[in-house]
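*Asks:* Sharing a structure here in structure tokens format.
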Amino acid sequence: SMKKTYADYQVWLDSYTEEYCALRDHGTFVTITFEEYKRDYSHISIIPTMNVQTVKKDEDGQPIRAKSRIVVLGNLEDTIWTNSEVHAPVIRKESDRLLTTMAIEAGRPQQQGDCKNAFCHPVLPDDETVIIRPPPGCPISQPGELWLLKKTLYGLRRSPKHWYDEALRTALLNVGLSPCRHDSCVFTGTLIDGEPPLYLGVYVDDFTYFSTSDAVERAFEQALSLELKINWMGKVAWFLGKCYDWQKDENDNLTVSITQTAKIESMLDEYDLTDCNAVRSPYRSGLPIDSIARDNILPDNKPEDVKPYQRLVGGLNWLAISTRPDISVAVSLLSQFMQNPSSGHVDAGKRVLAWLSGTRNPGLRYTQGGRFTESLVGWVDKSKPTALIETYTDANWGPQDASHPKEGIVELIPTDSVRSLLGHTSIRMG
């Protein structure tokens, strides 16, 4: 519970009150007394909840508002569900980039929206009765009060599945869109006869969309607003941890620069590398990552290395697949030692982060009408908006130290070491 002596007490109280009232007014739950529970629902376990407080940040990593979320401790549910019964699909990274290139080719900025209280929309099936206890210290609930859920809530294990099947997909079908055969989170459809189609990609409760017609986009927004509570956000600015900057070049062609500067700075802060000296390569000369010595220490005996290493490589991998293909091979090599890294592997991972420290602003750029090799995908530096450098990804057919054999020396390489670490090709058929 919050103490009134805290300087930000009122901020968080208002945040919690907003969340509580939104759930109540949306019909997410009805209150029951403990006596009613013992009389009618005693065969059902009471699941605790908690209030999760977060500070929402903008694309530059700066705080913009306080957010409270009432979450069920779904790990305490009695029913054991299979993966297919709880998971909901999300848009593939390739599909996300495809929609961006299509929008750029059409000269139309992608638009963005998010569904308010998304997991609170689906109605719980009759055979899924859930009783929960209000968050500890709730300033609104009465003593001994319990909540009987009528709709899903964040934290329930089946909430994502119910959201996609019963709410989102149904709403999009109702407005005239159909899912793509190859990615069930990409939807297309003709909303107005004789007008061009609309394209939409969704990641849980966030989505992007565009059409070459203003009328189609407005019709879609009006139709979906009748199905779900939507926050319409205009041009995509911040989506899946990526910052989008839409501009017109000197030839009046539309360009978008996609960067993850805030993510990089957050990782630098987490690993105490904010003021580190930037390096000129993600690799340390003379010390190939796949040849770093093992320390022969069991993972359980070095948690101070294993867990931070796994978080570090996971963060680097997110950057690599989103906007930084230049570190893809380094991440691929580091990922081979996720279960049992040595201190040398930890240092190699931090070396990649030090490389990112000096290259925080580069990302991907897509340009309308540009040739693929020159301007469809390229580096962008916010401080030099006119700079253009082609994007290349590293590839290696064998261990790092075997790419350039020394003259006059014949070295036998084990068969399992002669492998391609990465080959990357982007093709979009017209």
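The values are calculated or read from the model by the stated rules, or taken from the named source; none is laboratory data. Since the model is a prediction, treat every value here as computed from it, not as a measurement. Note that each Cβ is placed from the backbone with ideal geometry, even for glycine, and that neighbours are counted across all protein chains shown. For the accessible areas, the whole protein counts, side chains as well, though only heavy atoms, and no ligand, DNA or RNA atoms are used. Shrake-Rupley method; radii C 1.70, N 1.55, O 1.52, S 1.80 Å.
*Asks:* Residue under question is Ser15, and the condition is that it be at pLDDT 90 or above, assigned to a strand (DSSP E or B), touching a Ser or Thr at 6+ places or on another chain (Cβ under 8 Å) and open to solvent by less than 40 Å² (accessible area, probe 1.4 Å); does it hold?
*Replies:* no
*Asks:* Next question. Looking at Gly201 and the list (1) assigned to a strand (DSSP E or B); (2) open to solvent by 10 Å² or more (accessible area, probe 1.4 Å), which single condition is not satisfied?
*Replies:* Condition (2) is where Gly201 drops out.
*Asks:* If you take the residues of segment 288-334 that are in a loop (DSSP other than H, G, I, E, B) and closer than 25 Å to Pro362 by Cβ, which of them is most open to solvent (accessible area, probe 1.4 Å)?
*Replies:* Among those that are in a loop (DSSP other than H, G, I, E, B) and closer than 25 Å to Pro362 by Cβ, it is Pro288.
*Asks:* Considering only residues that are farther than 14 Å from Ile327 by Cα and touching a helix residue (DSSP H, G or I) at 6+ places or on another chain (Cβ under 9 Å), which ones fall in segment 276-285?
*Replies:* Matches in segment 276-285: Cys276, Asn277, Ala278.
*Asks:* May I pose another question? Every residue in segment 18-35 that is touching a residue at least 60 places away in the same chain (Cβ under 8 Å) and part of a helix (DSSP H, G or I), please.
*Replies:* Listed by number, the residues that qualify are Tyr20, Ala22, Leu23, Phe34.
*Asks:* Ile91 passes all but one of (1) part of a helix (DSSP H, G or I); (2) farther than 30 Å from Cys21 by Cβ; (3) of a type in the set (Val, Ile, Thr); which number fails?
*Replies:* All conditions are met except number (1).
*Asks:* A follow-up question, please. Can you name the residue in segment 263-273 that is without any contact (Cβ under 8 Å) to a residue 60 or more places away in the chain and over 23 Å from Gly113 (Cβ atoms) and is also most open to solvent (accessible area, probe 1.4 Å) among such residues?
*Replies:* This residue is Asp272.
*Asks:* Okay, next question. Any chance you could count how many residues in segment 107-142 are under 30 Å from Cys243 (Cβ atoms) and surrounded by 15 or more Cβ atoms within 10 Å (Cβ to Cβ)?
*Replies:* 13
*Asks:* When segment 48-68 is examined, which residues are found to be part of a loop (DSSP other than H, G, I, E, B) and farther than 30 Å from Thr323 by Cα?
*Replies:* The answer is Pro48, and nothing else.
*Asks:* While we're looking at this one, here's another question. Would segment 207-221 turn up any residue that is within 22 Å of Ser68 (Cβ to Cβ), assigned to a loop (DSSP other than H, G, I, E, B) and open to solvent by 50 Å² or more (accessible area, probe 1.4 Å)?
*Replies:* No, every residue in segment 207-221 fails to be within 22 Å of Ser68 (Cβ to Cβ), assigned to a loop (DSSP other than H, G, I, E, B) and open to solvent by 50 Å² or more (accessible area, probe 1.4 Å).
*Asks:* Output the residue which, of all residues in segment 149-198 that are without any contact (Cβ under 8 Å) to a residue 12 or more places away in the chain and in a strand (DSSP E or B), is least open to solvent (accessible area, probe 1.4 Å).
*Replies:* Checking each candidate, the answer is Pro179.
A quick yes/no check of all residues on (1) within 24 Å of Trp238 (Cα to Cα); (2) out of contact with any helix residue (DSSP H, G or I) (no Cβ under 9 Å at 6 or more places or on another chain):
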residue	(1), (2)
Gln111	yes, no
Lys116	yes, no
Val123	no, no
Asp126	no, yes
Arg133	no, yes
Pro136	no, yes
Gly144	no, no
Lys150	no, yes
Leu156	no, no
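*Asks:* Residue check: is Val71 in contact (Cβ under 8 Å) with a residue 40 or more places away in the chain, in a strand (DSSP E or B) and of a type in the set (A, V, I, L, M)?
*Replies:* yes
*Asks:* If you don't mind, there's one more thing I want to ask. Please determine whether any residue of segment 33-55 is under 22 Å from Trp318 (Cβ atoms) and either surrounded by 13 or more Cβ atoms within 10 Å (Cβ to Cβ) or aliphatic (A, V, I, L, M) (or both).
*Replies:* The answer is yes; a qualifying residue exists.
*Asks:* Tell me which residues, restricted to segment 236-262, are open to solvent by 70 Å² or more (accessible area, probe 1.4 Å) and not polar (S, T, N, Q).
*Replies:* Within segment 236-262, Trp238, Lys248, Glu250, Asp252 qualify.
*Asks:* What number goes with the only condition from (1) open to solvent by 80 Å² or more (accessible area, probe 1.4 Å); (2) of a type outside the set (Ser, Thr, Tyr); (3) at pLDDT 95 or above that Trp232 does not pass?
*Replies:* Only one criterion is unmet by Trp232, namely (1).
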